[in-house]
1. Which order do you get for M47, M80 if you rank them by accessible area with a 1.4 Å probe, largest at the top?
2. Looking at the range 86-175, what % of the alpha carbon pairs are farther apart than 21 Å?
3. When Lys and Arg each count +1 and Asp and Glu each count -1, what net charge do the other residues less than 13 Å away from G115, Cβ to Cβ, add up to?
4. Tell me the label-point distance for the pair V41, F121, using the 7 Å Cα-to-Cβ offset, in nm and rounded to one decimal.
5. Express the carbon and sulfur contribution to the solvent-accessible surface of the range 1-146 as a percent, rounded to the nearest whole number, probe 1.4 angstrom.
6. Please calculate how many Å² of accessible area the range 63-156 carries per residue, with a 1.4 Å probe and no DNA, RNA or ligand atoms counted.
7. What Kirkwood Rh does the range 169-224 have if only Cα atoms enter the pairwise 1/r average? Answer in Å.
8. Count the lysine pairs in the chain whose Cα atoms sit under 21 Å apart, keeping only pairs 8 or more residues apart in sequence or on different chains.
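The values are calculated or read from the model by the stated rules, or taken from the named source; none is laboratory data. Bear in mind the structure is a predicted one, so any value in this text is a computation, not a measurement. As a convention, Cβ positions derive from the backbone with ideal geometry for all residues, glycine included, and neighbour counts pool all protein chains shown. These area figures cover heavy atoms from the full protein model, side chains too; ligands, DNA and RNA do not enter into them. Shrake-Rupley method; radii C 1.70, N 1.55, O 1.52, S 1.80 Å.
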Amino acid sequence: MEEKAKSTSNRATKIYASTLGILVGLAGVEHGIFESLQGNVRPQGIMIDAIGPAQKMWDYAIETALTIIPNFLISGILAMFIGVLVTVWAYAYVERKYGAVVLLVLSTLLFFVGGGFAPIFLTVLAFIAATRINKPLTFWRSRIPAGPRRLIAKLWPWSFILSVLFFVVAVEIAIFGYPLLGFFEPETTYAIQFSLGFAMLILAIVALPAANAYDAQRHADLTE
């Protein structure tokens, strides 16, 4: 019971790390599906378009990725397999002793077999958060006054919810283009999709200290 309580001591931080890890894993699976659909074909280089010409649903549906595997089918299968491992690990094991390191290793492997570029930024944030899940977060309680700490804590979970929402919408638009293509030209749709991705990253960066501050404040309230 004591070990379980320790592993969930910083719940907001764990939710942050676990959710981002899951998004990275699912994005890798999605990339892998499209890569495998391109068949037993050799890419022209290590930089590839995960979505091939035959799978495109609109002009800007490419999803640039990197792979060291000189075969779309094998690369796609590996991306799906490792993506599932990342998802499962992020959901069930990220709070363990070496949870952060394993998440980083698996996500890095995913990147090198076609898991995509955008999720690598989320991997870094998830790794940082995972290293703080079982930490006392004394910096927030000893160096940050209660007022500013409470203010930052109030950004949780709304900043994170928006970040996840923007990620899902940006991926949906990147693949299908809709519903924006019903209202805008492809160039404008791509610009909006890119802006959503950028906003997602900014919100995810903001949500990390918000999660830490929320956990630190919760512990402070429990000890008062």
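1. Working: M47 105, M80 50 Å².
Largest accessible area first, the list is M47, M80.
2. 46 percent
3. Numbers: positive: none; negative: E30, E35, E63.
Residues close to G115 contribute a combined charge of -3.
4. 2.9 nm
5. Here it works out to 68 percent.
6. I get 52 Å² per residue for the range 63-156.
7. Details: mean 1/r = 0.0743 Å⁻¹.
So the Kirkwood estimate lands at 13.5 Å.
8. 11
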